[in-house]
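The structure appears right after this line, and notes come after that.
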Amino acid sequence: MPLNDAPLLRALAGIRPETTPVWFMRQAGRSLPEYRDLRVGTRMLDACLTPDLAAEITLQPVRRHSVDAGIFFSDIVVPLRLAGVEVEIEPGRGPVFAEPVRTASDVDRITAIDPASLDTTQIEEAVRLVVAELGDRTPLIGFAGAPFTLAAYLVEGGPSKEHLRARAMMHTDPESWNRLAGWLAEVSRTFLAAQRAAGASAVQLFDSWAGSLSPADYRAFVAPHSAAAVDGIDAPVIHFGVGTGPFLGDMRLGGRAAAVGVDWRLPLDEAVAVLGPDVTVQGNIDPALLTAPWPVIEAHVREVLRRGAAARAHILNLGHGVPPETDPAVLTRIVELAHSVRTEPAAEAAR
Ligand code: CP3
C-alpha cells in the first residue's frame with residue numbers, strides 16, 4: 001500500500017477513510033515508561049538533538065498504540081536553540097530563555113541571526129531514521145511552533161498564563177512585533193522544511209496559546225506570520241490552537257490549512273459549521289476524561305466520532321496534549337475503539 005493511501009493522508013486530502021485515523025498530541029514522551037527510561041541523564045533539548053534517541057522516542061508510541069501517525073519527537077524551541085539562542089526546557093515548567101526579547105534593540109539582536117543559517121543536520125538525520133522504520137504504512141507528522149506561541153515564551157522569558165508582554169508589544173511597538181514574529185516564522189519554516197525534506201508526510205503548526213488573543217489581534221498581528229511559517233512547505237498542514245473558537249475560521253489560514261485542530265471546548269459539528277465543508281477537522285477528546293472509568297471514556301470518544309462525521313473527514317485526537325499521568329493503556333484502547341468503528345460515507349454524514 002503506498003503511503004498516500006494511509007488513512008491520515010487520505011483524511012488530509014479530504015477523502016473520508018473507512019475508519020477514522022487517530023494519533024495523540026504529546027504521544028511521544030511523558031506518559032510512556034519506556035520514554036522515561038531512555039531519558040534518564042539526558043536533558044530534553046539534548047535528547048531532541050541526538051538523532052537515534054529522537055528517532056527511537058518518536059517510534060515508541062507508534063509501536064505501543066498502533067496510532068495512524070508518528071509525531072516527530074522534538075520541541076517548538078529546538079530551531080531557536082539551533083539559531084544559537086540560549087534556551088533550556090525546565091522539567092515541569094517549560095522553555096526558559098536566558099535573555100528575554102522585550103525591547104526594539106533585543107529584537108534587533110535576535111533578528112540579526114539569519115534563519116537560513118540554521119544547521120538542521122541532526123533533525124534531518126533523526127527524521128530519516130524514523131521514516132525508514134515507519135516504511136510505507138505509517139506517515140510521520142513534522143511540526144513547528146507558530147510565531148505567536150514562540151513569542152509568548154521568548155518575550156516573557158519563560159512560561160506565563162496570559163502572555164501579556166507579547167500581546168503588549170503588538171500595540172506598544174508594532175514594528176518590532178512584526179519584525180520579531182516575521183523572524184520567528186522564518187525560523188519555524190526552516191525547521192518544517194528540514195523535516196519535510198527528510199521525509200515527513202504532513203506538518204502541524206502548533207499555536208497552543210493563540211486563545212489568549214482577541215480575534216482582531218489574531219487577524220492583524222498573528223495570522224499573516226503563521227501563514228508565512230508554512231509558506232512553500234509542500235505538505236498538508238494541520239493548524240492547531242487551544243481556545244481559538246472565537247476566530248476558528250481564521251485558523252484555516254485562508255485555505256492553506258488542510259485540517260484545523262479543535263480543542264475540547266467546541267463540539268466538532270459546531271466547528272464544522274464555522275469552518276465549512278472544504279477542511280478536515282482534528283480533535284477533540286477532552287484530556288481531562290482520560291482518567292475517567294472506561295465506559296465514560298468510550299461514550300465520549302463515540303460522541304466525538306459522531307460529531308466529527310459532520311466534516312469532510314475527521315482525524316481523531318485529543319483537544320490538547322496527553323497529560324503526563326495518563327495510563328498509556330487507555331490510549332491504546334482508544335485507538336482500538338476508533339479502528340473498530342466504521343465511518344459513515346461523507347454524503348450520509350452531511351445529512
Ligand atoms: O507530541 C509529541 O509527543 C512530540 C513531541 C513534542 C514535544 N513538545 C516534546 C516535549 C511536541 C509536538 C511539542 C510541542 C510543544 N512544546 C508545544 C506545543 C504543543 C502543546 O502541548 O501545546 C509547546 C507549547 C511546547 C513547549 C514545552 N515543551 C512545554 C510547555 C513543555 C512542558 C514542560 C513540562 O515538563 O511540563 C515542554 C517540554 C516537553 N516537550 C516535554 C516533551 C516530551 C517534556 C519534557 C520531559 O520529558 O522532560
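Among the residues making up region 50-79, a single one is surrounded by 21 or more Cβ atoms within 10 Å (Cβ to Cβ), of a type outside the set (G, A, S), closer than 18 Å to T120 by Cβ and more than 11 Å from the ligand (Cβ to nearest atom): P79. Does region 31-44 contain at least one residue that is in contact with a strand residue (DSSP E or B) (Cβ under 9 Å, 6 or more places away or on another chain), part of a strand (DSSP E or B) and not β-branched (V, I, T)? No - not one qualifying residue is present in region 31-44. Taking region 192-280 and the strands (runs of 3 or more DSSP E) fully enclosed by it, the elements with 1 or more residues that are in contact with an Asp or Glu (Cβ under 7 Å, 6 or more places away or on another chain) are at 237-241. The residues on offer are Q204, Q195, and the sole one that is over 29 Å from R265 (Cβ atoms) and crowded, with 24+ Cβ neighbours inside 10 Å is Q195.
For L337, indicate whether it is touching a helix residue (DSSP H, G or I) at 6+ places or on another chain (Cβ under 8 Å), crowded, with 19+ Cβ neighbours inside 10 Å and either closer than 25 Å to A257 by Cβ or among the hydrophobic types (A, V, I, L, M, F, W, C) (or both). When the stated conditions are applied, L337 does not pass them.
Every residue in region 96-133 that is crowded, with 16+ Cβ neighbours inside 10 Å and either at pLDDT below 95 or touching a strand residue (DSSP E or B) at 6+ places or on another chain (Cβ under 6 Å) (or both), please. Hits for region 96-133 are V96, F97, V130, V131.
This table checks each residue for (1) in contact (Cβ under 8 Å) with a residue 24 or more places away in the chain; (2) not hydrophobic (A, V, I, L, M, F, W, C).
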site	(1), (2)
L12	yes, no
R16	yes, yes
W23	yes, no
R30	yes, yes
Y35	yes, yes
R39	no, yes
L45	yes, no
T50	yes, yes
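Considering (1) over 20 Å from E86 (Cα atoms); (2) more than 16 Å from the ligand (Cβ to nearest atom); (3) part of a helix (DSSP H, G or I), the lone condition that V130 does not fulfil carries the number (2). The set of residues in region 42-73 being of a type in the set (S, T, Y) and at negative phi consists of T42, T50, T58. Selection within region 210-229: residues that are closer than 16 Å to A151 by Cα and among the aliphatic types (A, V, I, L, M). The member of this set that is surrounded by the fewest Cβ atoms within 10 Å (Cβ to Cβ) is A220. Scanning region 4-30 for residues that are outside any loop (DSSP other than H, G, I, E, B) and either surrounded by 22 or more Cβ atoms within 10 Å (Cβ to Cβ) or within 13 Å of the ligand (Cβ to nearest atom) (or both) yields a count of 6.
Restricting to region 188-209, name every residue that is within 14 Å of L150 (Cα to Cα) and more than 11 Å from the ligand (Cβ to nearest atom). Outline the logic, then answer.
Taking region 188-209 as the starting set, the residues that turn out to be within 14 Å of L150 (Cα to Cα) are 188-189, 191, 205-209.
Residues satisfying the conditions are S188, R189, F191.
Results for (1) surrounded by fewer than 21 Cβ atoms within 10 Å (Cβ to Cβ); (2) touching a residue at least 60 places away in the same chain (Cβ under 8 Å), shown as yes or no for each residue.
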position	(1), (2)
V260	no, no
D278	yes, yes
A292	yes, no
I297	yes, no
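The values are calculated or read from the model by the stated rules, or taken from the named source; none is laboratory data. Bear in mind that the values here come from a model prediction, so they are computed numbers and not experimental data. Quick reminder, even Gly has a Cβ in these numbers, built from the backbone with ideal geometry, and neighbours come from all protein chains shown.
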